[in-house]
Amino acid sequence: MPHPLDELNVSDHPLSQSEKDFMDTNGYLSLGQLLSPGLLNALRERIDELTNQEGDNGGSELYDSKHIRHPKETGVHRLANLANKGSIFDTLYTHPKLLATVRHTLGTEFKLSSLNFRAAKPNRGLQKLHVDWHEAVSPGAYRVCNSIWLLDDFSVANGATRLVPGTHLCGKMPDEEMEDPLQSHPQEIILEAPAGTAVVFNSHVWHGGTTNQTEQPRRAIHSYFCRRDEPQQTPQQKFIQQDILDRIPNAARWLLNV
Ligand SMILES: O=C(O)CCC(=O)C(=O)O
């Protein structure tokens, strides 16, 4: 029987050896501009629509979850549960190159944990360096893997994500090593890239948002994955809608765990 990942053509988009080596060593990998200009604009429009519709309630599915890693974040626009909010978001969790990178990190048995939007508002957005897990893990024993789809050009000025390459291998949490994880780390890099780019990062690498020093929100969507034996951040069996179940292929159901 074919594995669901094969049904999503993951084997047709293998990582090159240098991509694997880069991901293994640094804990992140840019997949380049995977979003066409047309899809990028349509995503921005749908996000604006949802942001207006949901207002202060935006992200409530995330904040209500008992598995949330951090309490409600101020200074950001959030939306959660995007897998149930339009077919336009399907690519963001089913793209074969994305899934090939996640498979390389977590093995074949993983699922979507959540699909959320985060935009840092002007003068806001700084996060502590953190990992998306409650403790440090041994190299290779990864439980979670994140990715970020850039809806705006990411720059030092507008609060691009920072990360400290290689820290997924160090077996330490940022707050064990740093006096103040809000501060810059001497080895941190900033993910500067054009809108439409997707970057996968091992969730155990130290990372976080930085301050948006421009007048416009800095927008991005995170497709976040976990191993199948871990709880989802958005438990899809609770949230899934019948029209979505009817629309998506079996392999996407497998990814959502519904
Ligand atoms: O959006 C970003 O730049 C990073 C967000 C992040 O790491 C988080 O919300 O945990």
Item to complete: Kindly indicate whether any position in the stretch 64-87 is at pLDDT 95 or above, surrounded by fewer than 17 Cβ atoms within 10 Å (Cβ to Cβ), more than 22 Å from GLU230 (Cβ to Cβ) and away from the ligand (no atom under 14 Å from the Cβ).
Response: yes
Fill in: Any pair with Cβ under 7 angstrom, 6 or more apart, that starts in the stretch 1-27 at a residue that is surrounded by 17 or more Cβ atoms within 10 Å (Cβ to Cβ) and ends at one that is part of a loop (DSSP other than H, G, I, E, B)
LEU5/THR108; ASN26/PRO165; ASN26/GLY166; GLY27/PRO165; GLY27/GLY166; GLY27/VAL205
Worksheet entry | Hits in the stretch 145-167 - residues which are over 17 Å from ASN123 (Cβ atoms), away from the ligand (no atom under 11 Å from the Cβ) and β-branched (Val, Ile, Thr) | VAL164, THR167
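Which helices (runs of 4 or more DSSP H) does the stretch 84-199 wholly contain that include 2 or more residues that are among the hydrophobic types (A, V, I, L, M, F, W, C)? It would help to see each step written out before you state the result.
On the way: elements: 91-94, 96-106, 174-177.
In the stretch 84-199, the matching helices (runs of 4 or more DSSP H) lie at 96-106.
Working only within the stretch 247-258, note down all residues that are touching a residue at least 40 places away in the same chain (Cβ under 8 Å) and not in a loop (DSSP other than H, G, I, E, B). Give the derivation first.
Initially, the stretch 247-258 is screened for residues touching a residue at least 40 places away in the same chain (Cβ under 8 Å), giving 247-252, 254-257.
Selection gives ARG247, ASN250, ALA251, ALA252, TRP254, LEU255, LEU256.
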Fill in: Qualifying positions in the stretch 168-193 - surrounded by 14 or more Cβ atoms within 10 Å (Cβ to Cβ) and in contact (Cβ under 8 Å) with a residue 40 or more places away in the chain
HIS168, LEU169, MET173, PRO174, MET178, PRO181, HIS185, GLU188, LEU191, ALA193
Fill in: Residue, farthest from the ligand (Cβ to nearest atom), within the stretch 95-111, restricted to residues that are closer than 16 Å to HIS3 by Cα and among the hydrophobic types (A, V, I, L, M, F, W, C)
ALA100
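Matching residues to (1) assigned to a loop (DSSP other than H, G, I, E, B); (2) away from the ligand (no atom under 16 Å from the Cβ):
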| position | (1), (2) |
| --- | --- |
| HIS204 | yes, no |
| THR210 | yes, no |
| GLU215 | yes, yes |
| HIS222 | no, no |
| CYS226 | no, no |
| ASP229 | yes, yes |
| LYS238 | no, yes |
| LEU245 | no, yes |
Worksheet item: Quick check, is ALA42 farther than 21 Å from ARG227 by Cα and in a helix (DSSP H, G or I)?
Response: yes
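Determine whether the stretch 119-141 contains at least one residue that is buried (at least 21 other Cβ atoms within 10 Å of the Cβ), away from the ligand (no atom under 11 Å from the Cβ) and touching a residue at least 40 places away in the same chain (Cβ under 8 Å). Outline the logic, then answer.
Of the residues in the stretch 119-141, the ones buried (at least 21 other Cβ atoms within 10 Å of the Cβ) are 119-120, 125, 127, 129, 131-132.
Among the residues that remain, those that are also away from the ligand (no atom under 11 Å from the Cβ) are: none.
Among the residues of the stretch 119-141, not one is buried (at least 21 other Cβ atoms within 10 Å of the Cβ), away from the ligand (no atom under 11 Å from the Cβ) and touching a residue at least 40 places away in the same chain (Cβ under 8 Å), which makes the answer no.
The values are calculated or read from the model by the stated rules, or taken from the named source; none is laboratory data. Here the structure is a predicted model, which is why all the values come from computation and not from measurement. Positions of Cβ are generated from backbone atoms using ideal geometry, with glycine treated the same way; all protein chains shown enter the neighbour counts.
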